[in-house]
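Novice: I'd like to ask you about the structure that follows.
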């Protein structure tokens, strides 16, 4: 290639590049708006303080044992145990509250061939707890131990203690101490009861524990062979509240009197514990017939007219609360009557716990019942 040809080629390439460059500049100028978006704001962001919100742990107190309570067992609430439709459901909590009930004592676990887990149907228990929360009713979960050699009883009690739904736990735990249909001698049964109670106390710490016990009029007087040598002294420092099952409806003679039977059982509990100030929530019944159709418990029912005598006994013996076993075996008129009586004669309002411990003397129960005088059982 000669020099003239090379110059012409170079001149053509340069002209082409110039045209291309001008075209790019024209395109850039023709675009509207900025060629990039700013991503850093000039203004400082607002300060949002970090805040951790957590529900406070549910603190258990003695409050659920005070005032009016009611009861429901597995045969009332659980389709696995109920004969037909359950007679008590979570929907009843609103009705209970409307009748002045402060606490439902609910059987939350059983140990038998029909039991499907450590807790009664967890969905059902959750339903009761949530309904109770809405109705402003407290719930004590209770369990009947059978004194196994292993940890089955303890596992069930702790399952009740730890069960919760959306942070809502049972308001307390009570042990139903009455099982004697076993091959154990009374000493071995007592040893197992004390051992279970001690392990339970060490596990739950300072949480109040309720002891649902046989009525001492039965175990001390009517049938001492039911549980000879019952370990009151060993249990006294473990449990906080005592709930004697003082059912007078199938008793005879003086023990069929609601006031006499209730008062004497409360007094004997304190004597057996050697603690005149022991806190007692007495349980009466069974039920209260008022002329309406009721669930048949298979035992004679108390009468609606018995209720005033029962509540008077609670007041006279300075209990912290009382209840009738159970909700299903009380007619609506009886529920109204009991609620009114307890509201007007609140047995938990007269004497505080310190005064009760210091006095050691129960005011005149009247009606010729047994009274605690200077720490001795005496007849008036």
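Taken together, the values in this text are just the output of simple stated rules run on the coordinates, not laboratory data. Values in this document were obtained by computation on a predicted structure and should not be read as measured data. Virtual Cβ from ideal backbone geometry, glycine too; neighbours counted across all protein chains shown.
Novice: Just to confirm my numbers, what's the Cα centroid distance between the stretch 116-179 and the stretch 239-275 in Å?
Specialist: 26
Novice: In the stretch 140-155, whose amide N lies under 15 Å from the spot 7 Å out along Cα-to-Cβ of residue 195? List them in ranges.
Specialist: Only 146-155 pass the distance filter.
Novice: Between residue 221 and residue 113, how high is the FRET efficiency from 1/(1 + (r/R0)^6) when r is the Cβ-Cβ distance and R₀ = 35 Å? Nearest 0.05.
Specialist: Values: r = 35 Å, r/R0 = 1.01.
Rounded to the nearest 0.05, the efficiency is 0.50.
Novice: Please work out the FRET efficiency for the pair residue 179 and residue 236, using the Cβ-Cβ distance as r and a Förster radius of 25 Å; give the result to the nearest 0.05. It would help to have the intermediate numbers written out before the result.
Specialist: On the way: r = 20 Å, r/R0 = 0.81.
According to the calculation, E is roughly 0.80.
Novice: Over the Cα atoms of the stretch 63-379, what Rg and Dmax result, in angstrom?
Specialist: 18.5, 53
Novice: Could I ask something else about it? Would you please give the FRET efficiency between residue 303 and residue 151, computed as 1/(1 + (r/R0)^6) with r the Cβ-Cβ distance and R0 = 30 Å, to the nearest 0.05?
Specialist: 0.10
Novice: Could you work out how much longer the chain between residue 332 and residue 95 gets when fully extended? Use 0.36 nm per residue separation minus the Cα distance between them, nm to one decimal.
Specialist: Working: separation 237, 0.36 × 237 = 85.32 nm, distance 0.98 nm.
Between residue 332 and residue 95, full extension yields an extra 84.3 nm.
Novice: Provide the percentage of antiparallel DSSP beta bridges, counting only those with both residues in the stretch 63-379; round to the nearest 5.
Specialist: Values: 6 of 43 bridges.
Roughly 15 percent of the DSSP beta bridges within the stretch 63-379 come out antiparallel.
Novice: For the stretch 68-182, build the convex hull from the C-alpha positions and give me its volume per residue in Å³.
Specialist: Values: hull volume 12.0 nm³, N = 115.
Once divided by residue count, the hull of the stretch 68-182 is 104 Å³.
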